[in-house]
Amino acid sequence: MAESASRLSRLLDRNLAILTDQPGPPLVVGAIILAMALIRAILFPGTGGDDGEQLIFSQFFAWGYQVRNPPLYTWLVMAVSQVTGPNLWAVNTVKFGLLFAMYMFLWRAALRLFATRAMAGLAALAPVLFYFVAWEVVTGFSHTVLTACLYAAVLWLLLRLRDAAPGRLSDYALLGLAIGLGGLAKYAFWIFLVCLLAAAMTDRDLRRRILSPWLLLTLAVAAAVLAPHYLWLAGRLDVLAAQAGETAAAHGGFSLTGLGHGVKAAAGFLSPFWLIALICFPAAFRPLKASAHPMARVLGLYMILVLAATAVGTLIQPEFRIRTHYMFVLLFAPVWVLLRAEAAGAPIPRQRTLAALITLVLWAQPSALIAKYLFEPLSCGRCQHHIPYADLAAKIRDLGFAGGTVVAYWHPDPLPGNLRAALPDARVISLKHPDVLPPLAPGAAGQCLVVWSADAARDNRPTAIAGANSLLDAGIAPDTPQRLVISPLEGLPMLTGGKTAALGVILTPGAGDCR
């Protein structure tokens, strides 16, 4: 028994060292994320709506696409597409690359905060214990991953400024770049930045750096990065005002309903980390006998300010959907907890336990992806990630489609972006985004292809035809004959249960702007 306990103790010690020292977070996280990226790109033939949306937008460069989100993520997909082609490799490379960068920024920040590499590594890796970080971002979300990466980058740069004596000009410039990119990633970034800077002003060293005249360099760099998009946005204030008016009319006034939604979102995002932290380091949640690093107080105040801002927002707009992934602003919660735990002593056995749980979840991620591929067809309804778009596209070509414009209906399957990946030489229009129309090449003389999910509960053919006619003057008559293309879902035949995907197709010689 004693020998078994000793062997287990050595194994846990070795695991802690692997995670936090040698090879440490860069290689451990890099290996897991690379495995997930390869599994995601090789096994699954389809992608969800968020990634597919980016393949549609990235067909052309613009200073903005929709007032709902800034354009930086689209630009990144566009840049990577120049190497990979406009396919799932492009969106997967961007997403998983940003996820890796998020962990690395957290790690570099943690190295400046903690007394030991072990605690720094655990703090950087602990966000994997958030369900939304461990799993939801793997199969969904786009702008959120980018914004989380920039949250971590801003924290790291603020710590660089805090520790430098005096502050380096390069750090002020880099901070300006990170702020500019954050403002191009998601508009919620500004809530994060205001709350973090307000909290940072309570720290003497950070306050001295923030109030430095060299902050003008930060502002100048940020303004230069932000200006083109925000000038574009300024020309669409009427769209913003209309959307705000519709929201206010639909949701009414002051109410406590939205506050409950916000609490649920915050608790959901922090799960199950908050429970694990409470079990492993209960002293972190009690008054400390020893002083923690000053940044523990700053990060604690920052989270209070973020939650207060969320509460105010939900009280004003009670029915506005505070979704769980909006709470990525709480990404620094593990750093705060472990800083307090370190001040309270953080016993080595508790560190080893946390490291073991992190390792378990890290290895569960690629394993769960493989399990999703194998077993999801047994229970999924639409099975969006298993739709064989390459095979369906080949059958569409067999019907005579040689190139031109594809008009795709987006519900219940995210056809537009996936068809963009499967038909990379075609111009693809998403009827979900009628205000984002890739320009027609001068002298284009291609065909017009209208596509919808033919096996959906609702017949979307009339809506698809009407969309092509209203947006592109396609001139398609309501009674135009349609054809079907059908393919079995991707996966093991004994597990897919004979499920298929069926597309309704109308192919015309091309007219108006649908050609």
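The values are calculated or read from the model by the stated rules, or taken from the named source; none is laboratory data. Because the structure is a prediction, the values reported are computed rather than measured. Ideal geometry is used to build each Cβ from the backbone, glycine not excepted, and the neighbour counts take in all protein chains shown. Side chains included, ligands, DNA and RNA excluded: accessible areas come from the protein's heavy atoms. Shrake-Rupley method; radii C 1.70, N 1.55, O 1.52, S 1.80 Å.
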Taking the chain as a whole, which cysteines find no other cysteine Cβ under 4.7 angstrom from their Cβ?
Cys149, Cys195, Cys280
What base-10 log of the normalised intensity I(q)/I(0) is obtained for the range 408-512 from the Debye formula, alpha carbons as equal point scatterers, at q = 0.23 Å⁻¹?
-1.39
Candidates (1) 7; (2) 20; (3) 14; which is the computed percent of Cα pairs over 45 Å apart?
(2)
Ignoring ligands, DNA and RNA, what percent of the 1.4 Å accessible area of the chain is carbon and sulfur?
67 percent
0 to 90° range, to nearest 10: angle between helix 461-472 axis and the chain longest Cα axis:
90 degrees
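If you take every residue apart from Arg297 with its C-beta less than 12 Å away from the C-beta of Arg297, what net charge results, scoring Lys and Arg +1 and Asp and Glu -1?
Values: positive: Arg204, Arg340; negative: Asp203.
Taking every other residue near Arg297 into account, the sum is +1.
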Do you know the relative contact order of the range 382-434, to the nearest whole percent, from alpha carbon pairs under 8 angstrom that are 6+ apart?
38 percent
For the range 337-350, what does the Karplus curve 6.51 cos²θ - 1.76 cosθ + 1.60, with θ = phi - 60°, yield as ³J(HN,Hα) per residue in whole Hz, taken in order and with x for Gly and Pro?
4, 6, 4, 5, 5, 4, 5, 8, x, 6, x, 4, x, 5
Tell me the mean residue ellipticity at 222 nm calculated for the chain from its helices only (DSSP H runs of n ≥ 4, each -39500 (n - 2.57), averaged over every residue, nearest 500).
-19000 deg cm²/dmol
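What is the sum of charges, Lys and Arg at +1 and Asp and Glu at -1, for the other residues whose Cβ falls under 14 Å from the Cβ of Asn92?
Overall, the nearby charge balance is 0.
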Solvent-accessible area of Met201 with every protein chain in place, 1.4 Å probe, in Å² to the nearest 10
60 Å²
Lys432 long-range amide H proximity, modeled H, under 5 Å
Trp410
Which whole-Hz couplings ³J(HN,Hα) result when phi for each residue of the range 11-21 is put into the Karplus expression 6.51 cos²θ - 1.76 cosθ + 1.60, θ = phi - 60°, listed in order with x for Gly and Pro?
5, 5, 4, 5, 5, 4, 5, 4, 5, 10, 10
Once the in-chain neighbours fewer than 8 apart are removed, the lysines whose Cα is under 20 Å from Lys95 read Lys186, Lys372
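Whole-Å semi-axes of the range 276-383's equivalent ellipsoid, largest first, each the root of 5 times a Cα gyration tensor eigenvalue?
Details: eigenvalues 206, 135, 16 Å².
Each semi-axis is the square root of five times an eigenvalue, giving 32, 26, 9 Å.
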Relative contact order of the chain: what whole-number percent is it, with Cα pairs under 8 angstrom and at least 6 residues apart?
19 percent
Name the shape class, rounded, prolate or oblate, that the alpha-carbon gyration tensor gives for the range 285-337, where a ≥ b ≥ c are the square roots of its eigenvalues, rounded holds for a/c under 1.5, and otherwise prolate holds if a/b is larger than b/c and oblate otherwise.
prolate
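Among residues other than Trp135 whose Cβ falls under 15 Å from its Cβ, what is the net charge (Lys/Arg +1, Asp/Glu -1)? If you can, show how the numbers build up before the last one.
Working: positive: Arg40, Lys95, Lys372; negative: Asp50, Glu136, Glu376.
Charge balance near Trp135 sits at 0.
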Mean separation of Cα pairs under 8 Å and 6+ residues apart, divided by the residue count of the range 326-471: what relative contact order is that in percent?
19 percent
